[in-house]
Each structure stands twice: as structure tokens, then as C-alpha cells.
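Let me begin by presenting the structure, written as C-alpha cells, before commenting on it.
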Amino acid sequence: MFDIETIRTDFPILDREIYGQKLIYLDNAATTQKPARVIAKIKEVYEMYNSNIHRSVSKLAATCTGEYENARKIVCEFINAKNTSEIVFTSGTTAAINLLAFAFGEKFVNSGDEIVVCESEHHSNIVPWQLMCERKNAVLKVLPFDDRGDLKTELLDELLTERTRLICVAQATNVLGTVNPLDLIVKKAHEKGVYVLVDGAQGIQHLKTDVTTSDFDFYVFSGHKIYAPTGIGILYGKENLLEQLPPWQGGGDMVKSVSFAKTRYSDLPLKFEAGTSNYVGAIALGEALSYLIYIGMENIHSYEKNLTDYALEKIPSVPGITIYGTSENKVGIASFLIEGIHHADMGEILDKMGIAVRTGRMCADPTVQHFDLTGLVRASWTFYNTKQEIDKLCEGIEKATKILKQD
Ligand code: PMP
């Protein structure tokens, strides 16, 4: 049974007060809070079996390595990859995309080839591709979105050519909250022999994700957006593709043997895990996913859908508000502005009421520029938030507006 009161007690920080008011945490698209059992798992590693993985023969090292590889299995099952060899631990979404931009670029991209990114992407899914295109003398093309925040997929037939190697698209976008039509994009891309990278940073925690059935070639996400610590993330890639890519970084653990004549790389996935990895973070990510499985992803999805339907009906009714991102298909994100009020002022006053939101350009300049703005306020919720908190947000925006309009 999904009991919201019990769920909330699983997250110790939600009990905190900010400026004497109960915290209302609505900045979940930036990072999520951590359940007590994830925090306890980190303590367990350091108190019971901390030891560098894949190296020594000690009991500690064997336990730690076992926990790390078990976390890989949990991730593999969570996204329904075929094999743990397809699951690479990275430090986050950004690192995973940079890894791929280097390795994919080296293997598959030649001068004059094309990479497509969407206008609504996070900087992490734009800049690594710009760097790669510069290095390989390739061309970066952009799939635009319309004023609701929906991708103009009707342009794909023209945009994808025989020179296109990859299209990079978010599962859900971080400013507008749009859930992108991945089935259609994957189908159109694969018809033309184009690979697909899906950025799951805003999708994995809210949407059913099955990389095999969806036929994604590459999929990336960050642990900290799915109730795990910072500094850990995942690069999924189809085995036959990862096999063909060269390593990104060299160092310990990614080699079978080293000599000045010939160095032999490790098999997948270790080929891409140079150096001491964030094994504590990986183990904690496994724990976070186990917690979600225990709560039940279907329960989470249906609770969130109900909350999102409520919020997306309620927030637009605040006087003077404009919502940016009005697609039919959205995750729990409302980016907005109140006429005549600067986003940073609104964010600061909400904070004084104990309401944490994000303000600014949200690492998505092209999205903000699309609407000719300098920034937005973003409220983003998840399965530990409530309708009462959405009501408080709406009251808070109205109160803040009155205060700011008096100045
Ligand atoms: N892509 C999207 C859609 C995001 O929302 C974020 C984080 N805001 C990232 C990429 C980058 O994630 P990280 O900073 O964890 O690497």
C-alpha cells in the first residue's frame, strides 16, 4: 500500500524547518532527497566493509566488490538491460554524455557527419556534442520545439540524413517538463540507420523505463535525481555498440595488462571505468532503486500522475502567472513567471516561506532564449510531495506577488 505519511517519514530532511516553517521541497528536478535507508547504506559501507573494489583479496574487498556488482545488477534489472556488461558506472549524466561524445565521436563520426540535438536539451546534452563536432569537424543540427514545448517531430524526415550518426534527446525536459515522443523518434532514427541517445536525467525517476523494449542505443541518468547520492550515474549502451567504442579515460581497472609494447583493455563494462570508481555511491544507488522497487514503481507512477494532474490544474490559476511548457504529456514540473516580477525575487521570497524552488536559466539557455526570457521559476515535485504542498506553493506565489508589487 502507498501511504504518503509513511513515505514522508522515510525521508528525514522533509521533517526540517526553514526559517521556522516546515520545509516544502519543490526542487526535485535539481536533485532529490534521500531516504534513510540510502543514508544508512553509505554508513554501513564505511563502518563494515570499505575497501577498494576489484583489487585486493581481503574479505572486506570481496564484500565491497560483491555489493558494487550487485548494484550493477539492480540497475540492469531496473532499466531492463539485457546484460550487466551494458551498465557502466559514471559520476553522473554529464560524465556519461562526455564519455559517449568522446568514444562515439572517435568510432563513428567523420568530417561532415551530423549529430542532431533537440532545442530543449540541458547544456549537458548540447555542449559535449559541440565539443565533439569541433574536434571531428562534424555538423551539429537542432530539432526545434513549439511554444507548448513539444518537439517538432514532423521535421525529422528532413533533418535526419544519410550523414546523421546520432540523435540526442531527453526522456523528459528539465525546464518545460515535456515527455518526449521517444517511440516515434527511435523509429524514425533507426529507419535511417541513426543511433539514439536518451538523456534520462529527468525521466528515470518518473517514467517507466525499459531500454531493451524501447530499443534505445544509449541511455544515461544521474543517481542524485533518483534518491541516491551525488557523484554516481549510469551509461547504458547496447553491448555490440559499447564493444566497438574505444575507452575514454585510461588508468587502473580498465586494463587487463599494460606494457610499453601493448596494453590490453578490460572487457565491458570495466573498459569504461578507469580509476577507483565511486563504489560507495554505486552501492547506495542500488539501495535507492531497491527502495523504489519496495514501494512499487507502479504505485509511485500513479501517485505522481494524480499529483501532477492536480498541480497542473491548480498552479495556472494563480493570478498573473504564465506557465512555460504546456505539453499534454508532462512530468512534475511547472516553470513559470508572474508578470512584472523577477524570477530571482520570487524564488527568494518563497524560500523565506520555507518553499524551495529553482530560479534562473536552469542549464538550458536555448530553452529560455526560445521564449525571449532571462530566467524562470521552476517548481518540481515527486512522490513524497502532496497536494497540500502545491496549495501552499500557490498561496506563497500570491503572497510573494503582493509583497513584491508593493515595493
Ligand atoms: N540532463 C538533464 C535533462 C538534467 O536535468 C540534468 C541535471 N539538471 C542533466 C542532464 C545533468 O545532470 P548531472 O548534473 O547530474 O550530471
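The rows are residues; the columns are (1) β-branched (Val, Ile, Thr); (2) away from the ligand (no atom under 16 Å from the Cβ).
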site: Thr322; (1), (2): yes, yes
site: Gly325; (1), (2): no, no
site: Met346; (1), (2): no, yes
site: Ile349; (1), (2): yes, yes
site: Gly354; (1), (2): no, yes
site: Val357; (1), (2): yes, no
site: Asp372; (1), (2): no, yes
site: Leu376; (1), (2): no, no
site: Phe383; (1), (2): no, yes
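Within region 198-217, the set of residues being surrounded by 24 or more Cβ atoms within 10 Å (Cβ to Cβ), of a type outside the set (Val, Ile, Thr) and outside any loop (DSSP other than H, G, I, E, B) comprises just one member, Asp199. Among the residues making up region 359-370, those that are under 24 Å from Leu143 (Cβ atoms) and either within 14 Å of the ligand (Cβ to nearest atom) or buried (at least 18 other Cβ atoms within 10 Å of the Cβ) (or both) are Arg361, Met362, Cys363, Ala364, Asp365, Pro366, Thr367, Val368, His370.
The listed residues are Ile4, Ile24, and the only one of them that is modelled with pLDDT of 95 or more, surrounded by fewer than 17 Cβ atoms within 10 Å (Cβ to Cβ) and not acidic (Asp, Glu) turns out to be Ile4. Of the strands (runs of 3 or more DSSP E) lying entirely inside region 262-364, the ones with 3 or more residues being touching a helix residue (DSSP H, G or I) at 6+ places or on another chain (Cβ under 8 Å) and not assigned by TED's automatic domain parsing to the domain that holds Arg72 are found at 333-338, 358-360.
Yes/no per residue for (1) within 16 Å of the ligand (Cβ to nearest atom); (2) within 20 Å of Lys107 (Cβ to Cβ):
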residue: Cys133; (1), (2): no, yes
residue: Ala138; (1), (2): no, yes
residue: Thr153; (1), (2): no, no
residue: Thr161; (1), (2): no, yes
residue: Thr164; (1), (2): no, yes
residue: Cys168; (1), (2): yes, yes
residue: Gln171; (1), (2): yes, no
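If the condition is being in a loop (DSSP other than H, G, I, E, B) and open to solvent by less than 40 Å² (accessible area, probe 1.4 Å), then region 229-245 contributes Pro229, Gly231, Ile232, Leu245. Residues that are among the small types (Gly, Ala, Ser) and either within 23 Å of Asn240 (Cα to Cα) or part of a loop (DSSP other than H, G, I, E, B) (or both) within region 171-197 comprise Gly177, Ala189, Gly193, listed in sequence order.
Being within 16 Å of the ligand (Cβ to nearest atom), under 23 Å from Val179 (Cα atoms) and hydroxyl-bearing (Ser, Thr, Tyr) is true of Ser120.
The values are calculated or read from the model by the stated rules, or taken from the named source; none is laboratory data. Everything numeric in this text was worked out from a predicted model, so none of it was measured. Because the Cβ atoms are built from the backbone with ideal geometry, glycine has one as well, and the counts that use them run over all protein chains shown. Accessible surface is based on the protein model in full, side chains and every heavy atom, while ligands, DNA and RNA are left aside. Shrake-Rupley method; radii C 1.70, N 1.55, O 1.52, S 1.80 Å.
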